[in-house]
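Peer 1: Below is one structure. I have some questions about it.
Coordinate-derived values only; no laboratory data. Everything numeric in this text was worked out from a predicted model, so none of it was measured. With ideal geometry, Cβ positions are generated from the backbone for all residues, glycine too; neighbour counts draw on all protein chains shown.
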There are 2 protein chains.
Amino acid sequence: MTDTNLQIRLVRRPTGLPSPEDFEIGEAPLPDPGEGEVLVANHYLSLDPAMRGWMKEGRSYIPPVELGDVMRGGTYGEVLRSNHPTLAPGDRVVGMLGWQSHALSKGDDLYRVPPEVTGPQALGVLGMTGLTAYFGLLDVGRPQEGDTLLVSGAAGATGSVVGQIGKLMGCKVIGVAGTEAKCAWLTEELGFDGAINYRTSPDLTKAVYQATGGKIDVYFDNVGGEMLDSALACLNRGARVVVCGAISQYNSDSATGPANYLSLLVNRARMEGFIVFDYAPRYDEARVELSRWVQEGKIKHREEIVDGLRNAPQAILRLFDGNKQGKLLIRIGS
Amino acid sequence: MTDTNLQIRLVRRPTGLPSPEDFEIGEAPLPDPGEGEVLVANHYLSLDPAMRGWMKEGRSYIPPVELGDVMRGGTYGEVLRSNHPTLAPGDRVVGMLGWQSHALSKGDDLYRVPPEVTGPQALGVLGMTGLTAYFGLLDVGRPQEGDTLLVSGAAGATGSVVGQIGKLMGCKVIGVAGTEAKCAWLTEELGFDGAINYRTSPDLTKAVYQATGGKIDVYFDNVGGEMLDSALACLNRGARVVVCGAISQYNSDSATGPANYLSLLVNRARMEGFIVFDYAPRYDEARVELSRWVQEGKIKHREEIVDGLRNAPQAILRLFDGNKQGKLLIRIGS
């Protein structure tokens, strides 16, 4: 067993895309769990677009990561040593323990992973991205049977789950992604009714119009920018636009606003944002339902796993260059 | 009694601001009411920002006015001749009878004005703009006691009523307007808690932040553009942004989208549009309540009246240059 804690710390706020120089790789002595604490060995780290926001200075829904601190991140691991009344060595846990190989916890921020759930599943389809899909679509988007649902970033960790839940709710589901392989995955494996390759569509609004009949009831937006404008141009009356993210905007200083927002007026539609953390009291409800759908094969999922915590600063770029499908994870080597 | 009908017809779609050359003034013979019809003499014409949208080609919530047709508009007048079972000469009625001195109607599109209500009141505070304020604020904005309400276009026909209803609901109300006289009217006569002169505020977002504490619960937007962005920058958690109009954008070909729309995500807020016509089944409920508030002096109102239907094509510009306060009406001379 190692006696050092490998850590990746944020040492500079990125300008534009994050770069490896924004991080520092270091080692710290393995900490001893204090009274009531556990020491967790992290096996997997989740990489998520929201992390780009956590690196920024300024007011947001949670404070930014301080310079010099271990970068924030969702993790899956095992309890190594315990002074905690109910957690024992070997217990498999998910938490926000950061970009590091080991961490202390008082346990109240940990979720115990059931035996039938794998580590990658616990961080992906049943983790933050799956929960985001669940609450964002069902609580904010409120899909009805027969609705037309458009999802952007559809081959991503959240989007792929959104579309499949949409199918389970009886919607016609159209996904937007950036490669032919992703589009084929959506329609041939995940059961989407259609897919739009935004990189090869010369007129994105026209492509959206043709795929949806110009009658989008729910648009689940992960990307913002031009895509959001195209969706707004094709809303049905009473449509709901779920603002989950805007990955096209995260690395630029000034966001581009949706010029077609007056479609909300014409179509008596609403655009609404949410933060998955607000739903923490209902995570268990969602995990039970998502887990059942996964076991029954109704929700399929895919992970792309990069080996080695040291590669995280480079691997995170794959969230922004479109070069991954499903959930992006780091396997934390010893 | 005249035997001609003075009409103003739309003959060209405006580019940018409407101009008198977009209209044609003509006369037609006074029509005879057919079976079940009434002939109405219009006394007042309402001028509204929404009219700019009706002049445009293309898909919207109602079809555009066809070139050559009498321009669409809300009117107050008296029944002159009647073949209608329940409407008699002298009855005072409000309808959408257009930019003309006389019009035929089958009566089902007319609202009978109660004796205690004046013509200008019937078109303004109890008319489309008052109803827009009522349903937009109460049904879409859903103000709670203690909420901070920001209204743009606050000295306008809709905004001034929105703010006063907000006060009746127990909100802290801040209005945004474009002259010192308008701001004084809001705070000294209408009971607003504060007013921002957007023309003299060097940093509009800062001014909004200072006036609202950066905690806007309801933002009622009549103007769009930079103002909308400033409001979005100052939302409270769970805020509601009511998209009623965007007068800053109506005369430009391409709208500017709100660059700060991701504030909806950070603050779990929503932005929602509406069209007052959808509330037609509930107009009576609103008129009763608004009328009571007006009689009790709880809602004050003001009209700017321009004499002569022939002046309407010029007078409508006052909606866009900020040169009016309250409701803009045309008194239709004989």
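Peer 1: Could you tell me the distance between the Cα centroids of region A:270-307 and region B:122-146, to the nearest Å?
Peer 2: If you average the Cα positions of each part, the centres end up 39 Å apart.
Peer 1: Quantify how strongly other chains surround peptide B:237-246 by giving the mean number of their Cβ atoms within 10 Å of each of its Cβ atoms.
Peer 2: 3
Peer 1: Another question, if that's okay. Which is farthest toward the positive dipole end of chain B among B:L149, B:G34, B:A315, measuring Cα position about the Cα centre, with Cβ charges +1 (Lys, Arg) and -1 (Asp, Glu)?
Peer 2: The listed residue farthest towards the positive side: B:L149.
Peer 1: Using Cα atoms only, what is the angle between the long axis of helix B:283-295 and the major principal axis of chain B, expressed in degrees (0 to 90) to the nearest 10?
Peer 2: Helix B:283-295 and the main axis of chain B meet at about 80 degrees.
Peer 1: Using the Cα gyration tensor of region A:128-277, with a ≥ b ≥ c the square roots of its eigenvalues, what is the shape: rounded (a/c below 1.5), prolate (a/b larger than b/c) or oblate (neither)?
Peer 2: Rounded, since a/c falls under 1.5.
Peer 1: Between beta-carbons, use under 14 Å as the cut-off and find the net charge around A:N311, counting Lys and Arg +1, Asp and Glu -1.
Peer 2: Residues close to A:N311 contribute a combined charge of +2.
Peer 1: Let me ask something else about it. Can you run phi through the Karplus equation (6.51, -1.76, 1.60; θ = phi - 60°) for region A:307-317 and list ³J(HN,Hα) in whole Hz, with x for Gly and Pro?
Peer 2: Couplings: 7, x, 4, 4, 8, 4, x, 7, 5, 4, 4 Hz.
Peer 1: Next up: Quick one: Cα centre-to-centre distance for region B:176-193 and region B:1-30, in angstrom?
Peer 2: A separation of 35 Å, based on Cα centres.
Peer 1: In nm, one decimal, shortest first: how far is the label point of B:P63 (7 Å from Cα along Cα to beta carbon) from the matching points in the other copies?
Peer 2: With the label placed 7 Å along Cα→Cβ, B:P63 yields 6.1 nm.
Peer 1: Over its Cα atoms, what ratio of radius of gyration to 2.2 N^0.38 Å does region B:1-73 give?
Peer 2: 1.25
Peer 1: Need the list of aspartates and glutamates near B:K106 for cross-linking: C-alpha distance under 13 angstrom, and skip anything on the same chain fewer than eight residues off.
Peer 2: B:D32, B:E35, B:E37
Peer 1: What Kirkwood hydrodynamic radius do you get for chain B when you take the inverse of the mean 1/r over all pairs of distinct Cα atoms, in Å?
Peer 2: 20.5
Peer 1: Rank these for me by crowding, B:M271, B:M169, A:M96, A:M128, going from fewest to most other beta carbons within 10 Å.
Peer 2: Neighbour counts put them in this order, fewest first: A:M96, B:M169, A:M128, B:M271.
Peer 1: Here's something else I'd like to know. Is region B:243-334 best put as rounded, prolate or oblate by its Cα gyration tensor, with a ≥ b ≥ c the root eigenvalues, rounded for a/c under 1.5, and otherwise prolate when a/b is larger than b/c, oblate when not?
Peer 2: Oblate is the answer for region B:243-334, as a/c is 1.5 or above yet b/c matches or exceeds a/b.
Peer 1: When each copy gets a label point 7 Å from Cα toward the beta-carbon at A:A88, what are the spacings between them in nm, shortest first?
Peer 2: For A:A88, the inter-copy label distances come out at 9.3 nm.
Peer 1: What do you get for the angle between helix A:157-168 and the principal long axis of chain A? Use alpha-carbon atoms, 0 to 90 degrees, nearest ten.
Peer 2: Computed tilt is about 50 degrees.
Peer 1: Mind putting a number on the dipole of region A:1-92 about its Cα centre? Charges go on the C-beta only, +1 for Lys and Arg and -1 for Asp and Glu, and I need it in Debye to the nearest 20.
Peer 2: Values: 9 positive and 14 negative charges, 93 e Å.
Using only the charged Cβ atoms, the result is roughly 440 debye.
Peer 1: Starting from the exponent 0.38 and prefactor 2.2 Å, build the expected Rg for region B:51-131 from its residue count and divide its actual Cα Rg by it.
Peer 2: 1.19
Peer 1: Would you list B:T132, A:T118 from fewest to most Cβ contacts within 10 Å? Intermediate results must be reported in sequence, preceding the final value.
Peer 2: On the way: B:T132 26, A:T118 16.
Starting with the residue having the fewest Cβ neighbours, the order is A:T118, B:T132.
Peer 1: Rank by packing, highest mean first: peptides B:187-197, A:57-67, B:214-224, B:319-329, with packing defined as the count of other Cβ atoms within 10 Å averaged across residues.
Peer 2: B:214-224, B:319-329, B:187-197, A:57-67
Peer 1: I would also like to ask the following. What residue of chain B sits with its beta carbon nearest the rotation axis taking B to A, and at what distance in whole Å?
Peer 2: Result for the axis mapping B onto A: B:G257, 1.
Peer 1: A further question on this structure: Which of these, A:H102, A:H84, A:H43, has the largest mean-square fluctuation under a Gaussian network model of chain A (Cα springs below 10 Å)?
Peer 2: A:H84
Peer 1: Per residue of B:251-261, what is the mean number of Cβ atoms on other protein chains within 10 angstrom of that residue's Cβ?
Peer 2: Whole-number average of other-chain Cβ neighbours for B:251-261 is 5.
Peer 1: Something else now. Between B:K300, B:K182, B:K167, where does the largest GNM mean-square fluctuation fall for chain B, given springs only between Cα atoms within less than 10 Å?
Peer 2: B:K300
Peer 1: So what's the convex hull volume per residue for the Cα atoms of the protein assembly as shown, in Å³?
Peer 2: 169
Peer 1: Between beta-carbons, use under 15 Å as the cut-off and find the net charge around B:L39, counting Lys and Arg +1, Asp and Glu -1.
Peer 2: Cβ neighbours under 15 Å give a net charge of -4.
Peer 1: Report, in listed order, any pair from A:K215/B:K300; A:K324/B:K206; A:K206/B:K56; B:K215/B:K300; B:K56/B:K167 with a Cα-Cα distance greater than 31 Å. Walk me through the numbers on the way to the answer.
Peer 2: Working: A:K215/B:K300 42 Å; A:K324/B:K206 41 Å; A:K206/B:K56 21 Å; B:K215/B:K300 27 Å; B:K56/B:K167 36 Å.
Too far apart for the 31 Å limit: A:K215/B:K300; A:K324/B:K206; B:K56/B:K167.
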